[in-house]
1. Can you run down the residue pairs with Cβ atoms below 9 Å, 6 or more apart or on separate chains, where the first is in the stretch 110-137 and surrounded by fewer than 16 Cβ atoms within 10 Å (Cβ to Cβ) and the partner is of a type in the set (Asp, Glu)?
2. Does Met89 satisfy being in contact with a Lys or Arg (Cβ under 8 Å, 6 or more places away or on another chain) and surrounded by 11 or more Cβ atoms within 10 Å (Cβ to Cβ)?
3. For the stretch 47-61, name all the residues that are surrounded by fewer than 16 Cβ atoms within 10 Å (Cβ to Cβ) and either of a type in the set (Gly, Ala, Ser) or without any contact (Cβ under 8 Å) to a residue 12 or more places away in the chain (or both).
4. So, of the residues in the stretch 21-79 that are assigned to a helix (DSSP H, G or I) and of a type outside the set (D, E, K, R), which turns out to be nearest to Val121 (Cα to Cα)?
5. In contact with a helix residue (DSSP H, G or I) (Cβ under 7 Å, 6 or more places away or on another chain), among the β-branched types (Val, Ile, Thr) and more than 23 Å from Tyr22 (Cβ to Cβ), is that true of Ile111?
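Laboratory data are not the source of any read-out in this text; all were calculated from the coordinates shown. Bear in mind that the values here come from a model prediction, so they are computed numbers and not experimental data. With ideal geometry, Cβ positions are generated from the backbone for all residues, glycine too; neighbour counts draw on all protein chains shown.
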Amino acid sequence: MSSAKRRKNEMRCPYCGSTVIYRSAEGIYRENSSGVMLYVCARYPKCDAYVRVHAGTKKPVGTMANRELRELRNKAHRTFDQIHKSGIMTREEAYMWLSNMLSLPLSQTHIGNFGEYYCEVVLKESQKLLEKAKENS
């Protein structure tokens, strides 16, 4: 493969433009006994962008994110998950609600791909739905 083709296929960090390395989460996660793999910015830890992959694959579970976005995504997901875990809706219904609310195709309704704006909307709207359900119970 030519160096031009190789460069074209390289993943680049969306924060700093550096190359992205596929590697173990060891040294990034406190505990990695299950062998989690990540795509990590080559400038880690100076640039702390990374994304986990689905177990046994090289497919990322979302897009690369820095600490702030990872924390926001986790908070949005924990809040959203309460909708189906509390029984307000099934998991499938909750994702349909989210898809419709965001005007996104269901196939693109994945918090791991969302930026700050969509995460904030997920948080706000999920909290409103949970509060409304609580008032009605």
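1. From the stretch 110-137, the pairs are Glu116/Glu68.
2. Details: in contact with a Lys or Arg (Cβ under 8 Å, 6 or more places away or on another chain): no; surrounded by 11 or more Cβ atoms within 10 Å (Cβ to Cβ): yes.
Answer is no for this residue.
3. Scanning the stretch 47-61 gives His54, Ala55, Gly56, Thr57, Lys59.
4. Step one: filter the stretch 21-79 for residues assigned to a helix (DSSP H, G or I), giving 67-79.
Checking the rest, the ones that are also of a type outside the set (D, E, K, R) come to 69, 72, 74, 76-77, 79.
Details: Leu69: 14, Leu72: 11, Asn74: 14, Ala76: 9, His77: 12, Thr79: 11 Å.
It comes out as Ala76.
5. Numbers: in contact with a helix residue (DSSP H, G or I) (Cβ under 7 Å, 6 or more places away or on another chain): yes; among the β-branched types (Val, Ile, Thr): yes; more than 23 Å from Tyr22 (Cβ to Cβ): no.
Against the criterion (in contact with a helix residue (DSSP H, G or I) (Cβ under 7 Å, 6 or more places away or on another chain), among the β-branched types (Val, Ile, Thr) and more than 23 Å from Tyr22 (Cβ to Cβ)), Ile111 does not qualify.
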